[in-house]
1. If you scan the range 100-127, which residues turn out to be of a type in the set (Gly, Ala, Ser) and either under 27 Å from VAL18 (Cβ atoms) or within 23 Å of the chain's Cα centre (by Cα) (or both)?
2. Determine, yes or no, whether GLU69 is open to solvent by 60 Å² or more (accessible area, probe 1.4 Å) and either in contact with a Cys (Cβ under 6 Å, 6 or more places away or on another chain) or not basic (Lys, Arg) (or both).
3. Can you list residue pairs whose Cβ atoms sit under 8 Å apart, with the first residue in the range 162-178 being in contact (Cβ under 8 Å) with a residue 12 or more places away in the chain and the second being assigned to a helix (DSSP H, G or I) and surrounded by 14 or more Cβ atoms within 10 Å (Cβ to Cβ)? Count only pairs 6 or more apart in sequence or on different chains.
4. I need a count of the residues in the range 103-140 that are under 19 Å from ALA33 (Cα atoms) and free of Cβ contacts under 8 Å to residues at least 12 places away in the same chain.
5. Looking at the range 48-74, which of the residues that are aliphatic (A, V, I, L, M), in a helix (DSSP H, G or I) and over 23 Å from the mean Cα position of the chain (by Cα) is nearest to LEU20 (Cα to Cα)?
6. How about the range 27-47: which of its residues are of a type outside the set (A, V, I, L, M, F, W, C), at pLDDT 95 or above and either open to solvent by 30 Å² or more (accessible area, probe 1.4 Å) or not in a helix (DSSP H, G or I) (or both)?
7. Identify the single condition in (1) crowded, with 17+ Cβ neighbours inside 10 Å; (2) closer than 18 Å to ASP26 by Cα; (3) among the aliphatic types (A, V, I, L, M) that ALA102 does not satisfy, given that it satisfies every other one.
8. Residues that are modelled with pLDDT of 90 or more, touching a strand residue (DSSP E or B) at 6+ places or on another chain (Cβ under 9 Å) and farther than 30 Å from PHE62 by Cα, at least 1 per element: which helices (runs of 4 or more DSSP H) completely within the range 81-178 meet that?
Amino acid sequence: MAELTTVARPYAKAAFQVALNDNALDDWSRMLALAAAITQHDRVQLLLQAPALTSEQVAESFVDICGDELNDKGKNYVRLLAENKRIAVLAEIARIYENLRAQQEKSLDVEVVTPYEISSEVADKLAAALKTRLQREVKLATRTDQSLIGGAVVRAGDMVIDSSVRGKLAKLTESINS
């Protein structure tokens, strides 16, 4: 995983810088997400691994698959990735790009998992509290998991706050067994 990230990071940073300079963060998010999704398709993976094809042929085939969804800079970006044999890391490039974008926009995707549905009023209060604590715009998503029994699990980037009953029971069991 670390090697994949190391390989993808300079390409993600380059795409981010171009998008930032062109004021096109949304366009690049869309293009990278599409290209990353395409690389996951079985037939496309076969195309990317075909030893008989040159990097130019791979690039043109990939650009053709993407169709009109890529602008000229996006097409050139795909050609660069193909030339350097990096199209296969597009999913990681897209992930790193989105992290860079979130940092730039001072936003953060937060997932709240509870054993029961929470009201929009509670979700709004939680989002406001997280916005204050994290000093970022918060995009809150909620889902339910009845196995939590009670409490909640909050995931915000690298941070996980597990105040669920299940999590507390697991910690208690661990401390008893140690």
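1. Keep residues of the range 100-127 that are of a type in the set (Gly, Ala, Ser), which gives 102, 107, 119-120, 123, 127.
Those that are of a type in the set (Gly, Ala, Ser) and either under 27 Å from VAL18 (Cβ atoms) or within 23 Å of the chain's Cα centre (by Cα) (or both): ALA102, SER107, ALA123, ALA127.
2. Numbers: open to solvent by 60 Å² or more (accessible area, probe 1.4 Å): yes; either in contact with a Cys (Cβ under 6 Å, 6 or more places away or on another chain) or not basic (Lys, Arg) (or both): yes.
So GLU69 fits the description; yes.
3. Within 8 Å, the pairs are SER164/LEU148; VAL165/LEU148; ARG166/LEU148; GLY167/LEU148.
4. Step one: of the range 103-140, the residues under 19 Å from ALA33 (Cα atoms) are 103-105, 107-109, 139.
Retained after the next criterion (residues that are free of Cβ contacts under 8 Å to residues at least 12 places away in the same chain): 103.
Final tally of qualifying residues: 1.
5. Within the range 48-74, the subset aliphatic (A, V, I, L, M) is 48, 50, 52-53, 58-59, 63, 65, 70.
Right, trim to in a helix (DSSP H, G or I) and you get 48, 58-59, 63, 65.
Okay, now just the ones that are also over 23 Å from the mean Cα position of the chain (by Cα), so 58-59.
Working: VAL58: 28, ALA59: 24 Å.
Applying the filter and picking the extreme gives ALA59.
6. Step one: list which residues in the range 27-47 are of a type outside the set (A, V, I, L, M, F, W, C), which gives 27, 29-30, 39-43, 45.
Narrowing further to those that are at pLDDT 95 or above: 27, 29-30.
Selection gives ASP27, ARG30.
7. Just one mismatch for ALA102, condition (1).
8. Values: elements: 90-104, 120-134, 165-177.
The qualifying helices (runs of 4 or more DSSP H) are 120-134.
The values are calculated or read from the model by the stated rules, or taken from the named source; none is laboratory data. Remember, it's a predicted structure, so these values are computed and weren't measured experimentally. Virtual Cβ from ideal backbone geometry, glycine too; neighbours counted across all protein chains shown. Ligands, DNA and RNA are excluded from the accessible area calculation, which covers all protein heavy atoms including side chains. Shrake-Rupley method; radii C 1.70, N 1.55, O 1.52, S 1.80 Å.
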